[in-house]
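Below you'll find the structure, written out as C-alpha cells, and then a few comments.
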Amino acid sequence: MLQLNLSPLIGARPGERLTFILDEGPQQIEDVSVDFLRGSIQFTRVHGGILVEAWVDTRVNVECVRCLETFPYETTLEIEEVIGISSKPRPGISYHLTDEGWFDPLPLLREQILVNIPMKPLCRPDCRGICPECGANLNLEPCLCPVEHVDPRLAPLAQLLNRKVG
Ligand SMILES: [Zn+2]
Ligand SMILES: [Zn+2]
C-alpha cells in the first residue's frame, strides 16, 4: 500500500496539480510482484474529478508458460485515468480518494501491469519447457526419460502419425 495525500486537490480549482516522484523497492500488489516502481505520477484537478497521469518503469516477476520459472519482465506503465473525489459510485470511474483525501495508486498500476505483460509470457523465445514425464526443466538439464521429446506444437501431428503406423 502506498498512500498519497491528495487532500489539497479536493477544494482546488481545475488545473491545479500535485506531482509525486515514485522510487519504490519490491512490492507485492495482490497477485503481482515487482522489483521496483520508478517514475512520476501527476494528479490534476479537473471538473468532477482528478486526472491521473503516470509514467512508471517497473520490473515484474512473471511466470513462463512453458517452464513455469519466474523471470523478470521490464516494462513502462503509462496511465491516464480520471479518478473520483468522493466514493459515490459514478459511471466510468473505477477509483476514488478516501474520505480523508488519500489515494493508493498501486491497484491502478497493477491493472496497467496486467495489460502490459504478454498473454503467454516466455522466459526466452526458445524456452524448451518442462518434461511432461519427469518434470525436469529442459532449459537447465537434459532429461533422462527414455522417450523422445516431441515439440509440443507438433504433438497432435505425432499422435496422428502414431495412429497411422499402429
Ligand atoms: Zn521458460
Ligand atoms: Zn523427463
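Bear in mind that the values in this text are calculations on the coordinates, not laboratory data. Keep in mind it's a predicted model, so treat the numbers as computed, not measured. Note that each Cβ is placed from the backbone with ideal geometry, even for glycine, and that neighbours are counted across all protein chains shown.
General remarks:
- Dipole magnitude of the chain, debye to nearest 20 (Cβ charges: Lys/Arg +1, Asp/Glu -1, about Cα centre): 580 debye
- Spin-label pair M1-L51: with each label point 7 Å from Cα along the Cα-Cβ axis, the two points sit 3.0 nm from one another.
- Acute angle (nearest 10 degrees) that the helix 155-165 long axis makes with the longest principal axis of the chain, alpha-carbon atoms: 20 degrees
- Helices in the chain, meaning DSSP H runs of at least 4 residues, each add -39500 (n - 2.57). Divided by all residues, the mean residue ellipticity at 222 nm is -4500 deg cm²/dmol.
- Compared with the direct C-alpha span, the chain from E100 to E133 gains 6.2 nm at full extension, assuming 0.36 nm per residue.
- At an R0 of 25 angstrom, the distance between the Cβ atoms of R124 and D35 translates into a FRET efficiency of 0.85.
- Relative to the longest principal axis of the Cα atoms of the chain, the long axis of helix 106-116 lies at roughly 40 degrees.
- Packing order of peptides 110-121, 45-56, highest average first: 45-56, 110-121 (average count of other Cβ atoms within 10 Å over each peptide's residues).
- Region 34-71 versus region 90-111: alpha-carbon centroid distance in Å: 14 Å
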